[in-house]
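Since the structure comes first, as structure tokens, the remarks are kept for the end.
The values are calculated or read from the model by the stated rules, or taken from the named source; none is laboratory data. Just so it is clear, the model here is predicted, and its values are computed rather than measured. Here the Cβ positions follow ideal geometry from the backbone for every residue, glycine too, while neighbour counts run over all protein chains shown. Keep in mind that these areas ignore ligands, DNA and RNA; they rest on the heavy atoms of the full protein, side chains included. Shrake-Rupley method; radii C 1.70, N 1.55, O 1.52, S 1.80 Å.
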Amino acid sequence: QTRSLLGVFEEDAAAISNYINQLFQAMHRIYDAQNELSAATHLTSKLLKEYEKQRFPLGGDDEVMTSTLQQFAKVIDELSSCHAVLSTQLADAMMFPITQFKERDLKEILTLKEVFQIASNDHDAAITRYSRLSKRKENEKIKAEVTEDVYTSRKKQHQTMMHYFCALNTLQYKKKISLLEPLLGYMQAQISFFKMGSENLTEQLEEFLTNIGTSVQNVRREMDCEVENMQQTIEDLEVASDPLYLPDPDPTKFPAHRNLTRKAGYLNARNKTGLVSSSWERQFYFTQGGNLMSQARGDVAGGLVMDIDNCSVMAVDCEDRRYCFQITSFDGKKSSILQAESKKDYEEWICTINNISKQIYLSENPEEIAARVNQSALEAVTPSPSFQQRHESMRPAVQSRPPAARTSSTGSLGSDSTALSALSLDSLVAPDTPIQFDIISPVSEDLPGQAKSSGQSGRRTNPFGESGGSKPETEDSILHQLFIVRFLGSMEVKSDESPDVVYETMRQILAARAIHNVFRMTESHLLVTCDCLKLIDPQTQVTRLRFPLPNVVLYATHQENKRLFGFVLRTSGGRVESHQTSICYIFESNNEGEKICDSVGLAKQIAFHAELDRKASEKQKEMDRVKEKQQKELNKQKQIEKDLEEQSRLIAASSRSNQSSTEGQFVVLSSSQSEDSDLGEDGKKKRESE
């Protein structure tokens with residue numbers, strides 16, 4: 001019965017121990033949470049106090065918000081103190097009693113249980129040895145020892161059992177105490193905490209909290225209204241932007257803006273990685289004044305790509321990619337090939353860079369001036385009342401023109417233009433004249449009238465640049481100057497006596513390019529020699545066109561844009577057979593228009609002096625031939641005189657006899673007659689005069 005009852009008490013003690021452990025963990029979590037809450041509340045108060053020291057990029061200085069948060073920090077700091085007090089009270093009133101019961105009383109039960117088990121085992125062992133004593137041979141000493149062991153073990157077991165049973169009985173009371181004391185301490189601590197909170201939360205604080213709550217509700221309503229507006233805006237933008245999601249939108253619905261002086265967007269830039277290999281890198285490009293800038297993703301600011309003041313831009317074909325264009329600096333030393341995403345961006349970039357290169361952005365209303373320039377270009381194909389009206393807004397006054405010695409060798413550019421200002425459009429450019437925007441290769445088609453004038457009718461250019469054994473026509477030329485040019489166009493003109501013809505042709509060709517969206521230009525090398533002007537393919541070195549220098553009757557550069565220049569070529573043949581026509585060719589260079597005109601003028605001067613020297617040399621040769629002929633005739637006369645003297649001697653010798661004299665006279669007469677027939681009429685006259 002004792003053993004059975006002891007088992008019940010031990011089972012109850014184990015259940016109490018298990019339950020107390022779980023309760024201890026729960027209360028310890030409360031205590032840890034309270035400590036964390038106290039520390040978090042203190043940290044929150046500290047951060048609220050530091051709000052005024054923060055520098056928010058979009059916040060600015062908000063004194064109302066700062067003062068409000070300072071008030072909250074003060075209240076929360078007081079609450080943090082209350083939480084700290086609560087943590088201390090929980091440690092003393094809740095955690096200490098249950099920890100004592102768990103660490104002292106329950107461990108004591110376990111220890112007594114182990115001691116009782118050992119004592120019981122020792123008693124069983126002593127009884128077993130005692131039971132083995134023999135009845136035949138009794139050894140008093142052994143018997144006394146065994147009896148003593150039984151006595152000692154039984155006494156120890158009894159004493160241990162009594163202490164163990166007493167502890168088990170006491171545990172029932174300690175269980176109640178260990179459960180009620182922590183809970184009582186927890187409740188008392190919470191009551192104390194709430195009392196302190198009630199004392200701190202005065203009516204003034206309640207009013208403050210009410211005002212803050214009202215402000216929060218107002219901000220929430222504003223936020224909801226703003227969110228609703230933004231959602232509506234997003235829906236409208238999605239509907240309006242749906243066509244723009246296409247990489248290349250329809251240009252008829254979204255036309256290009258040609259009046260821009262600023263442009264930004266993503267472009268693909270071509271970077272050479274080897275002799276024939278290259279790579280493309282996508283970057284954000286934008287214009288800033290007269291500079292083209294680029295900015296890689298993640299960079300803080302953009303970097304300078306190129307100075308685009310007085311630069312040139314043209315469409316190019318590059319690696320079978322669409323919408324590529326090339327920008328070349330004003331000195332021609334730096335160039336960049338870029339690719340746009342769509343045709344609209346492609347045209348806008350080219351127009352914008354063209355506007356910037358003309359330095360329109362420096363004016364007060366750059367877009368308005370660009371629009372006016374483009375409008376003038378659109379009106380360029382419409383005949384205007386007079387030449388003077390069309391050029392009032394296109395170029396400066398007459399007195400600012402360059403000297404005639406630089407722009408023309410014929411002196412026609414230096415003539416007074418007051419009479420020309422009254423001429424109509426038909427007196428400069430033939431009506432309905434077609435414009436040629438590209439160079440027709442001489443391999444496929446000869447330039448009209450050019451082959452005839454240069455004496456190369458029906459002759460094709462050797463595609464390998466060889467002359468077939470003949471001496472190159474420019475080998476003996478004193479002047480060889482090479483320039484990089486881009487062909488803009490050519491058209492037939494009716495007059496070649498004034499540089500205004502070149503200006504008018506420039507205006508019409510540029511206007512036609514702007515109207516018909518022609519941006520592509522053929523780049524060539526212009527070779528200026530004393531014999532001719534040649535356009536050479538920069539890649540194959542094949543001569544594309546040849547202009548004989550004597551046929552270049554007029555040349556001039558644009559007065560404002562020094563990159564533009566042109567010349568008039570007078571050729572035989574045209575619309576009317578056996579009639580001379582004049583064709584004006586317009587080019588764009590790398591800011592070298594005046595240099596090219598100077599070079600052409602120098603070539604014409606050298607050719608003129610060479611022609612004078614040639615004529616003088618021919619005259620001298622003719623005089624030498626006349627002198628040589630006269631000397632030959634004089635020598636012939638001397639020979640005749642010698643023959644006559646010889647004949648006279650013969651006559652004198654033969655006069656001794658009449659018969660021989662008669663025969664000698666006959667011989668002399670016959671000889672003189674034969675000589676007279678040999679000399680001819682001029683010789684007879686000279687002999688008679690002598």
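Restriction of the GluC sites (Glu not before Pro) in the stretch 1-69 to DSSP coil positions whose beta-carbon has at most 11 other beta-carbons within 10 angstrom yields Glu50.
Using the Cβ-Cβ distance between Asp124 and Ser81 with R0 set to 56 Å, the FRET efficiency from 1/(1 + (r/R0)^6) comes to roughly 0.30. Could you compute how much accessible surface Glu622 exposes when probed at 1.4 Å, giving the result in Å² to the nearest 10? Number for this one is 90 Å².
Averaging 1/r across all pairs of distinct Cα atoms in the stretch 1-201 and inverting the result yields a Kirkwood radius of 22.3 Å. Counting only protein heavy atoms and using a 1.4 Å probe, what share of the accessible area of the stretch 26-75 belongs to carbon plus sulfur, as a whole percent? The C+S portion of the solvent-accessible surface of the stretch 26-75 is 57 percent. Computed with every protein chain present, the accessible area of Tyr151 is close to 140 Å² [probe 1.4 Å]. Here the spin labels are modelled as points 7 Å beyond Cα on the Cα-Cβ line, and at Lys49 and Phe165 they lie 6.5 nm apart. For Lys334, nonlocal amide neighbours, meaning residues 5 or more places apart or on other chains whose placed amide H falls under 5 Å from its own, are Ser329.
Expressed as a whole percent, the accessible area of the stretch 480-608 that falls on carbon and sulfur atoms is 49 (1.4 Å probe).
A straight chain from Asp317 to Ile478 at 0.36 nm per residue would run longer than the Cα-Cα distance by 54.3 nm. Ordered by 1.4 Å accessible area with all protein chains kept, Val239, Val75 run largest first as Val239, Val75. Available extension along the chain between Ala40 and Arg220 is 62.1 nm, counting 0.36 nm per residue and deducting the alpha carbon span. Ranking Lys253, Lys74 from most to least accessible surface, computed with a 1.4 Å probe over the protein chains only, gives Lys253, Lys74. Sites listed here are trypsin sites (Lys or Arg not before Pro) in the stretch 273-364 whose DSSP assignment is loop and whose Cβ has at most 12 other Cβ atoms within 10 Å: Arg297, Lys333.
Given N residues in the stretch 52-105, what is Rg(Cα) / (2.2 N^0.38 Å)? Cα-based Rg divided by the globular estimate yields 2.07.
Scaling against 2.2 N^0.38 Å puts the C-alpha radius of gyration of the stretch 480-608 at 1.02. Modelled spin-label separation between Gln188 and Thr202, with each label point placed 7 Å from Cα along the Cα-to-Cβ direction: 3.0 nm. Ser215 exposes around 60 Å² of accessible area when a 1.4 Å probe is run over every protein chain in place. Average projection, convex hull of the Cα set of the stretch 602-656: 3.1 square nanometres.
Stokes-Einstein diffusion for the stretch 182-239, with the hydrodynamic radius set to the Kirkwood value over Cα pairs and evaluated at 10 °C in a medium of 1.306 mPa s, equals 103 µm²/s.
For the stretch 522-601 versus the stretch 234-304, the spacing of their alpha-carbon centroids is 37 Å. In sequence order, the stretch 34-50 has phi-based couplings of 5, 5, 5, 5, 5, 5, 5, 5, 5, 5, 4, 4, 5, 5, 5, 5, 8 Hz under the Karplus curve 6.51 cos²θ - 1.76 cosθ + 1.60, θ = phi - 60°, and Gly or Pro positions carry x. Summarising the overall dimensions of the stretch 264-364 from its C-alpha atoms, the Rg and Dmax are 13.3, 46 angstrom. Accessible-area rank, largest first, for Leu246, Leu133: Leu246, Leu133, with all protein chains present and a 1.4 angstrom probe.
Note that the stretch 209-262 carries a Kirkwood radius of 15.0 Å, evaluated over its alpha carbons pair by pair.
Residues whose amide H lies under 5 Å from that of Ser278, counting only those 5 or more places away or on a different chain, are Thr273; hydrogens are built 1.01 Å from N in the peptide plane. Karplus-based coupling profile of the stretch 117-126, in residue order and whole Hz: 5, 5, 4, 5, 5, 5, 5, 5, 5, 5, with θ = phi - 60° in 6.51 cos²θ - 1.76 cosθ + 1.60 and x standing for Gly or Pro.
Potential lengthening of the chain between Val276 and Leu246 amounts to 7.5 nm, from the contour at 0.36 nm per residue minus the alpha-carbon distance. For the stretch 505-570, the Kirkwood hydrodynamic radius from C-alpha pairs, put into Stokes-Einstein at 25 °C and a viscosity of 0.890 mPa s, yields a diffusion coefficient of 180 µm² per second.
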